[in-house]
Amino acid sequence: MDQSGIAEGFGYDPASGAIKDARRLAGRRPLHFEAADTVPAGWDGFDAAFSHEVLYLLDDLPAHARALFGSLVPGGVYYAVMGVHNTSPLMVEWHEANIEELHLPQLYDIDDVIAVFQAAGFDTAASRLAVRFVPTAGHGHQGRGRLLDWLSYYYEHKLLLRFARAPEIT
Ligand SMILES: C[S@@+](CC[C@H](N)C(=O)[O-])C[C@H]1O[C@@H](n2cnc3c(N)ncnc32)[C@H](O)[C@@H]1O
């Protein structure tokens with residue numbers, strides 16, 4: 001926001017602690033946050049939206065796609081980063097270990113995610129997220145090549161999805 005000339009921003013998350021942190025970190029910037037599990041009522045007319053590692057947590061992906069579509073202006077774009085999906089080996093492992101404790105939905109297939117957003121009306125595109133250096137701390141470098149698995153995760157499997165609402169034809 002400070003560098004990119006963004007006039008105003010809005011964000012939601014069902015975790016009230018995350019909203020509290022966001023409000024504190026926003027300082028006096030024109031950023032507004034609400035605790036909610038979908039786009040809050042009256043939030044629309046956005047030029048751009050983004051989420052980072054949220055899609056895999058959602059039980060009702062079609063409802064999310066429809067809500068985001070409705071919140072954007074024609075020509076608006078929703079960017080979503082998704083590394084947790086069923087062809088991401090480290091995340092398959094992580095998901096298996098955490099599905100019950102975290103009440104996770106089944107892992108999504110990336111092609112199915114794309115199809116859901118297309119059904120909601122979006123033009124879709126995908127890219128790998130452009131990641132360079134990855135801190136080694138916390139990425140298991142105990143001599144078993146685990147660090148290479150993490151690099152593959154960040155370089156290959158963590159995707160940047162682009163969901164665009166078509167501009168109005170005049
Ligand atoms: C893995 S964290 C990612 C947090 C942050 N985007 C980041 O990358 O550091 C997932 C976040 O999604 C939020 N979340 C869960 N269900 C959600 C929903 N229905 N709509 C929006 N956010 C949701 C969680 O509360 C959590 O803050």
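The values are calculated or read from the model by the stated rules, or taken from the named source; none is laboratory data. In this text, all values refer to a predicted model and were calculated from it rather than measured experimentally. In this analysis, Cβ positions are derived from the backbone assuming ideal geometry, glycine residues included, and neighbour counts consider all displayed protein chains. Each accessible area value is taken on the protein alone, full model and side chains, heavy atoms only, with ligands, DNA and RNA left out. Shrake-Rupley method; radii C 1.70, N 1.55, O 1.52, S 1.80 Å.
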Inset, instruction - Work out the length of the dipole vector of region 21-170 about its Cα centre, built from +1 on the beta-carbon of each Lys and Arg and -1 on the beta-carbon of each Asp and Glu, and round it to the nearest 20 debye. - result: 800 debye
Legend entry - Of all DSSP beta bridges in the chain, antiparallel share, percent nearest 5: 50 percent
Inset, instruction - Could you grab the relative contact order for region 47-164? Cα pairs under 8 Å, six or more apart, rounded to a whole percent. - result: 34 percent
Legend entry - Longest to shortest principal axis, alpha-carbon extents of the chain, angstrom: 57, 38, 32
Legend entry - Over the chain: helical MRE at 222 nm, DSSP H runs n ≥ 4 each giving -39500 (n - 2.57), nearest 500: -8500 deg cm²/dmol
Legend entry - Backbone HN-Hα couplings from phi across region 159-169 [Karplus 6.51/-1.76/1.60, Hz, Gly and Pro as x]: 9, 10, 9, 10, 10, 10, 8, 4, x, 5, 8
Inset, instruction - Could you tell me what % of all Cα pairs in region 102-158 have separations over 16 Å? - result: 61 percent
Inset, instruction - Just the Kirkwood number for region 18-85, please: inverse of mean 1/r across all distinct Cα pairs, in Å, one decimal. - result: 13.3 Å
Inset, instruction - Please work out how much length the chain gains when fully extended from Ile114 to Val73, using 0.36 nm per residue of separation minus the C-alpha to C-alpha distance, in nm with one decimal. - result: 12.7 nm
Inset, instruction - Have a look at Leu147, Leu61, Leu102 and tell me which one the Gaussian network model of the chain (Cα, springs below 10 Å) gives the largest fluctuation. - result: Leu102
Inset, instruction - Take the chain, connect every pair of alpha-carbon atoms lying under 10 Å apart with a spring to form a Gaussian network, then pick out the residue of Ala126, Ala36, Ala48 with the largest mean-square fluctuation. - result: Ala36
Legend entry - Net lengthening on full extension, Phe133/Ile169 (0.36 nm per residue, minus Cα-Cα): 8.7 nm
Legend entry - Residue of Gly42, Gly70, Gly83 that the Gaussian network model of the chain assigns the largest fluctuation, springs spanning Cα pairs under 10 Å: Gly42
Legend entry - Cα-based helix-to-principal-axis angle, 16-26 vs the chain, degrees rounded to 10: 70 degrees
Inset, instruction - Calculate, for the chain, the solvent-accessible area per residue in square angstrom, rolling a 1.4 angstrom probe over the heavy atoms of the protein chains. - result: 63 Å²
